[in-house]
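Read through the structure below, which is laid out as structure tokens, and then see the notes.
The values are calculated or read from the model by the stated rules, or taken from the named source; none is laboratory data. All values derive from a computational prediction rather than experimental measurement. Please note: Cβ atoms are built from the backbone with ideal geometry, for glycine as well, and neighbour counts cover all protein chains shown.
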Amino acid sequence: MIKLYENGVYLLNGTEIVEDNGEAQAALQGKLGKAPNKEEAKQGTMAYNILKAHNTSGNMDKLKIKFDKLTSHDITFVGIIQTARASGLEKFPIPYVLTNCHNSLCAVGGTINEDDHMFGLTCAKKYGGVYVPPHQAVIHQFAREMLAGGGKMILGSDSHTRYGALGTMAMGEGGPELVKQLLSQTYDINMPGVVGVYLTGEPVKGVGPQDVALAIIGAVFANGYVNNKVMEFVGPGVEKLSADFRIGVDVMTTETTCLSSIWKTDAKIKEFYEIHGRVDEYKELSPADVTYYDGMVYVDLSTIKPMIAMPFHPSNTYTIEEVNANLEDVLHDCEQKALVSLDGQVDFKLTDKIRNGKLYVEQGIIAGCAGGGFENICDAADILNGASIGHDAFTLSVYPASMPVYMELVKNGAAAKLMEAGAVMKTAFCGPCFGAGDTPANNAFSIRHSTRNFPNREGSKLQNGQISSVALMDARSIAATAANKGYLTPATDIDVNFSKPKYFFDKTIYENRVFDSKGVADPSVEIQFGPNIKDWPAMVALTDNLMIKVVSEIHDPVTTTDELIPSGETSSYRSNPIGLAEFALSRKDPAYVGRAKEVHAAEVARENGQCMGEVLPELKEMMHTVKATFTDVNKTNTGVGSTIYAVKPGDGSAREQAASCQKVLGGWANIAKEYATKRYRSNLINWGMLPFIYPEEELPFANGDYIFIPGIAEAVRNKATTFKAYVVNKGMKEFELQMGELTDDEREIILKGCLINFNRV
């Protein structure tokens, strides 16, 4: 059972929930002998106290956070360091770990992936960082093993930066937020709400962390219950879960759209640190005796069943039992939902997977920061011990999350059990999670213990008529399905004795392969560049007025960052801003790049003092119409650019390129009904783009329309929250755009055109 409380709650002594309704004060008076102070009780959360310890503003309503450590992978660290270098970077001021777990195959685009790796190694030497070579560890596993610490805060340029189970408040953000930390600036946010997640009971045999995580995601995603809030895990059920189990639930909190997470800690977490030789990093964390939460998710672990998130979102959840009992209805419903997700670009079918009344899948994957943990793989090995995955289309690949985990699986025999059954053991790699590894056949269906199942995350290409799809499941039920030769099977249906071998961590491989500067920079090191590594193009400051053309209009309920800039093979081009921009919206609106380029050519002409109308003839009429009302408008004070409209953009990945690709193509703004995540809105701001909001259902503009916004720079400077705008056509149709709160620095970043300009020395 999962219950969402309609109001805030008081948690007493970590075990008793009192909802903040009309009867709460009397009940609390009787229990405590006095009425509690809500504001004081809010300070009893673990989240509040960790944020307070890292806040430099002196004001807990307006936080200015400095993190303890940073981490990035090889899709993001090149752009981050290039941005910081352009702003005067001389040394990494805090520990910064550069892992290589995304573009580690070095199989796309010639030398460019390994060129990025050598860039990272030489930058770690020059600026005093840590470099983890390819195949050694996925970013988050290395952070768990070697970086996390009780009460600490870590910022990562990957959305699944979550180490709350270990007592570390971690956040995934776009690269510019890491740049700010590298330049000794701060992460500026309002004090977030904190929602308790109260765990009680104990999981039944065969239920794993992904099952619990998917059940929670299914309950809270659509209603935004924890959106941009901190999830704080408490209750007696926590102590029933191993460290690995907690980690497996915790990493998936990203899919709820929460800001971060934190768990109460205990002897099992202390043991985790002891196993990894870092017991001094353990810190006991728990809420105060009287703690107030802005909401509460109540989870009875004993009621959770094996789950499956059907395509194409982690929140599209069912129990496996429910799917098998209503197979045709569930699969048909998924096909109908796919008409929205895929825009009808391909003929997507799942009902053809029914064989003799059962669901047959062609592939199983256990991988990455969610699935590749020691306990997940050991349990999967026990289920498959002595079994066979069969001789048909079904395949199974297993990716341990780090080389130390892999070595222990070899030593204790779990790897042999899996390989004997027909599984393939592979090295630490995030590819199956973001579309760069194990792409199934066209129309095939894959079940994966990974973090996401968005369209194209399995590697298919809609623009080429290729489609496969992914459902998310726990490693145990994937193994049960494998033992049943590809027919969907919950792990609770398997008679198995889980051996639960003890984990022994051996860091020798890290000592032999990982470069650790120990924080000592060597300015004499020359950075090694490859031909694909390009500097950011020059970006101009915000002009007095703006003329923007709507070049894409997206009405999906949610638009993911994968749809704004695809993952997979495009990731190889992320060190080349202009080259990567060619892929922007390519799987959602293939005409976008061409339209944006047409408008951008006119802006380039303006910046060079040339006639915009000669480059883009339609602009002559638009400017003529505007000048009839605003006579002082000219090419000196009025910039020209593009914008997209999306209902709710930015779900999913933290990748800054979702915004920066629009920027280098001439984007000046986004217009949205709301933004899916704080991190996507921050990415827009850090690239000098205006995060406009238009909350109404019916739009006053359409794709292809021009919008004129007079006095935009002055309005931003004066902290305006509403902006008068005009749809320019045969006349001027006035409407109003809104914008949420901006910090002083954010306004200045927008005014100067981007974070690079803001910091340029």
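Quick check on this structure: which one of Val204, Val197 is more than 24 Å from Gln43 (Cβ to Cβ), outside any helix (DSSP H, G or I) and of a type in the set (A, V, I, L, M)?
Values: Val197 fails: more than 24 Å from Gln43 (Cβ to Cβ).
After applying the criteria, what remains is Val204.
Residues that are assigned by TED's automatic domain parsing to the domain that holds Leu241 and closer than 20 Å to Asp474 by Cβ: does segment 282-299 have at least one?
The first filter runs over segment 282-299 and keeps only residues assigned by TED's automatic domain parsing to the domain that holds Leu241, leaving 282-299.
Imposing the further condition that a residue be closer than 20 Å to Asp474 by Cβ reduces the set to 297, 299.
Yes; the residues of segment 282-299 include at least one that is assigned by TED's automatic domain parsing to the domain that holds Leu241 and closer than 20 Å to Asp474 by Cβ.
If only one of Val197, Val230, Val207, Val220 is buried (at least 24 other Cβ atoms within 10 Å of the Cβ) and more than 19 Å from Gly8 (Cα to Cα), which one is it?
Numbers: Val197 fails: more than 19 Å from Gly8 (Cα to Cα); Val230 fails: more than 19 Å from Gly8 (Cα to Cα); Val220 fails: more than 19 Å from Gly8 (Cα to Cα).
The unique qualifying residue is Val207.
Here are the criteria: (1) over 23 Å from the mean Cα position of the chain (by Cα); (2) under 30 Å from Ser567 (Cα atoms). Tell me which single one Thr427 does not satisfy.
Condition (1) is where Thr427 drops out.
Which of the residues belonging to segment 558-584 are at pLDDT below 90, not in a helix (DSSP H, G or I) and not small (Gly, Ala, Ser)?
Matches in segment 558-584: Val558, Thr560, Ile565, Pro566, Arg574, Asn576, Phe583.
Using beta carbons and a limit of 6 Å, which pairs, at least six apart or on different chains, have the first residue in segment 379-399 and over 16 Å from Pro432 (Cα atoms) and in the same structural domain as Tyr503 (by TED's automatic domain parsing) and the second one surrounded by fewer than 18 Cβ atoms within 10 Å (Cβ to Cβ) and aromatic (Phe, Trp, Tyr)?
Note: pairs meeting the criteria are Asp379/Phe498; Asp382/Phe498.
Which one of Asn37, Asn21 is within 29 Å of Val212 (Cβ to Cβ) and either without any contact (Cβ under 8 Å) to a residue 60 or more places away in the chain or under 30 Å from the mean Cα position of the chain (by Cα) (or both)? Spell out the reasoning first.
Values: Asn37 fails: within 29 Å of Val212 (Cβ to Cβ).
None of the other options fit; the residue is Asn21.
Tell me, which residue of segment 52-82 that is assigned to a helix (DSSP H, G or I) and closer than 17 Å to Pro95 by Cα is farthest from the chain's Cα centre (by Cα)? Steps first, please.
Filtering segment 52-82 for residues assigned to a helix (DSSP H, G or I) gives 52-54, 77-82.
Next, from what is left, pick out any that are closer than 17 Å to Pro95 by Cα: 54, 77-78, 80-81.
Numbers: His54: 23, Phe77: 16, Val78: 18, Ile80: 17, Ile81: 20 Å.
Selected residue: His54.
Quick check on segment 499-549: of everything there that is buried (at least 16 other Cβ atoms within 10 Å of the Cβ) and of a type in the set (Phe, Trp, Tyr), which residue is nearest to the chain's Cα centre (by Cα)?
Taking the candidates together, the pick is Trp536.
Can you tell me which residue within segment 152-186, out of those that are small (Gly, Ala, Ser) and touching a helix residue (DSSP H, G or I) at 6+ places or on another chain (Cβ under 6 Å), is nearest to Tyr273 (Cα to Cα)? Before the answer, list the steps.
As a first pass, look at segment 152-186 and keep what is small (Gly, Ala, Ser): 156-157, 159, 164-165, 167, 170, 172, 174-175, 184.
From the residues that got through so far, the ones that are touching a helix residue (DSSP H, G or I) at 6+ places or on another chain (Cβ under 6 Å) too are 157, 159, 164-165, 174-175.
Details: Ser157: 24, Ser159: 24, Gly164: 14, Ala165: 12, Gly174: 29, Gly175: 29 Å.
Here the answer is Ala165.
Which count do you get for residues in segment 616-641 that are outside any helix (DSSP H, G or I) and not β-branched (Val, Ile, Thr)?
Of all residues in segment 616-641, those outside any helix (DSSP H, G or I) come to 616-617, 628-641.
Those left that are additionally not β-branched (Val, Ile, Thr): 616-617, 628, 630, 632, 634-635, 637, 639, 641.
Final tally of qualifying residues: 10.
Could you tell me which of the residues Glu328, Glu375, Glu322 is more than 29 Å from the chain's Cα centre (by Cα) and acidic (Asp, Glu)? Outline the logic, then answer.
Values: Glu375 fails: more than 29 Å from the chain's Cα centre (by Cα); Glu322 fails: more than 29 Å from the chain's Cα centre (by Cα).
Of the residues listed, the single one that is more than 29 Å from the chain's Cα centre (by Cα) and acidic (Asp, Glu) is Glu328.
Looking only at residues that are of a type in the set (S, T, N, Q) and under 13 Å from Asp68 (Cα atoms) in segment 148-181, which one is surrounded by the most Cβ atoms within 10 Å (Cβ to Cβ)? Outline the logic, then answer.
Within segment 148-181, the first condition is being of a type in the set (S, T, N, Q), and the residues that meet it are 157, 159, 161, 168, 181.
Next, only the ones that are under 13 Å from Asp68 (Cα atoms) stay: 168, 181.
Numbers: Thr168: 31, Gln181: 24.
Ranking the candidates gives Thr168 first.
For segment 315-355, which residues satisfy the criterion of being part of a helix (DSSP H, G or I), within 18 Å of Glu458 (Cβ to Cβ) and among the polar types (S, T, N, Q)?
Of the residues in segment 315-355, the ones part of a helix (DSSP H, G or I) are 320-325, 327-341, 351-353.
When the remaining residues are screened for being within 18 Å of Glu458 (Cβ to Cβ), the result is 331, 334-335, 337-338, 341, 352-353.
The one that is part of a helix (DSSP H, G or I), within 18 Å of Glu458 (Cβ to Cβ) and among the polar types (S, T, N, Q): Ser341.
One line per residue, one yes/no per condition, for (1) more than 33 Å from the chain's Cα centre (by Cα); (2) assigned to a strand (DSSP E or B); (3) in contact (Cβ under 8 Å) with a residue 40 or more places away in the chain:
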{"site": "Lys719", "(1), (2), (3)": "no, no, no"}
{"site": "Ala725", "(1), (2), (3)": "no, yes, no"}
{"site": "Arg747", "(1), (2), (3)": "no, no, no"}
{"site": "Ile756", "(1), (2), (3)": "no, no, yes"}
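Go through segment 724-761 and report how many residues are closer than 24 Å to Val664 by Cβ and either exposed (fewer than 15 other Cβ atoms within 10 Å of the Cβ) or not small (Gly, Ala, Ser) (or both).
Total satisfying the criteria: 19.
Taking the options Gly652, Gly641, Gly666, name whichever one is modelled with pLDDT of 95 or more and on the phi > 0 side of the Ramachandran plot.
Details: Gly652 fails: modelled with pLDDT of 95 or more; Gly641 fails: on the phi > 0 side of the Ramachandran plot.
Step by step, each of Gly652, Gly641, Gly666 is checked, and only Gly666 is modelled with pLDDT of 95 or more and on the phi > 0 side of the Ramachandran plot.
Of Val424, Val398, which residue is in contact with a strand residue (DSSP E or B) (Cβ under 7 Å, 6 or more places away or on another chain), under 28 Å from Val132 (Cβ atoms) and buried (at least 21 other Cβ atoms within 10 Å of the Cβ)? Can you show your working first?
Working: Val424 fails: buried (at least 21 other Cβ atoms within 10 Å of the Cβ).
That would be Val398, the only listed residue that is in contact with a strand residue (DSSP E or B) (Cβ under 7 Å, 6 or more places away or on another chain), under 28 Å from Val132 (Cβ atoms) and buried (at least 21 other Cβ atoms within 10 Å of the Cβ).
Suppose we filter Gly613, Gly650 for residues that are assigned by TED's automatic domain parsing to the domain that holds Arg747, in a strand (DSSP E or B) and out of contact with any strand residue (DSSP E or B) (no Cβ under 6 Å at 6 or more places or on another chain); which single one remains?
Matching residue, one of Gly613, Gly650: Gly650.
Being closer than 26 Å to Phe272 by Cα and in contact with a helix residue (DSSP H, G or I) (Cβ under 7 Å, 6 or more places away or on another chain): is that true of Asn412 here? It would help to see each step written out before you state the result.
Working: closer than 26 Å to Phe272 by Cα: yes; in contact with a helix residue (DSSP H, G or I) (Cβ under 7 Å, 6 or more places away or on another chain): no.
The answer is no for Asn412.
Which residues, counting only those in segment 322-337, are buried (at least 20 other Cβ atoms within 10 Å of the Cβ) and either among the basic types (Lys, Arg) or in contact (Cβ under 8 Å) with a residue 40 or more places away in the chain (or both)?
Matches in segment 322-337: Val323 only.
What's the number of the condition Leu32 fails, among (1) over 22 Å from Tyr163 (Cβ atoms); (2) at pLDDT 95 or above?
(2)
Those residues that are outside any helix (DSSP H, G or I) and in contact with a Ser or Thr (Cβ under 8 Å, 6 or more places away or on another chain), I need them from segment 479-518; list them, please. Lay out the reasoning, then the answer.
The initial filter retains those residues of segment 479-518 that are outside any helix (DSSP H, G or I), namely 484-490, 494-507, 514-518.
If the condition is that a residue be outside any helix (DSSP H, G or I) and in contact with a Ser or Thr (Cβ under 8 Å, 6 or more places away or on another chain), then Lys485, Tyr487, Leu488, Thr489, Pro490 are the ones that fit.
Please go through segment 268-299 and pick out each residue that is farther than 11 Å from Leu166 by Cα, of a type outside the set (Val, Ile, Thr) and not in a loop (DSSP other than H, G, I, E, B).
Looking only at segment 268-299, we keep the residues that are farther than 11 Å from Leu166 by Cα, and these are 274-280, 286-299.
If we keep only those that are of a type outside the set (Val, Ile, Thr) too, we end up with 274, 276-278, 280, 286-289, 292-296, 298.
Result: Glu274, Asp280, Tyr292, Tyr293, Gly295, Met296, Tyr298.
This table checks each residue for (1) among the acidic types (Asp, Glu); (2) surrounded by 19 or more Cβ atoms within 10 Å (Cβ to Cβ); (3) in the same structural domain as Gln181 (by TED's automatic domain parsing).
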residue	(1), (2), (3)
Asn7	no, no, no
Gly14	no, no, no
Ala24	no, no, no
Gly33	no, no, no
Pro36	no, yes, no
Glu40	yes, no, no
Ile50	no, yes, no
Thr56	no, no, no
Asn59	no, no, no
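Of all helices (runs of 4 or more DSSP H) completely enclosed by segment 375-478, which ones contain at least 3 residues that are closer than 28 Å to Thr256 by Cα? Talk me through it step by step, then tell me what you get.
Working: elements: 403-412, 414-421, 431-434.
Filter on segment 375-478 gives 431-434.
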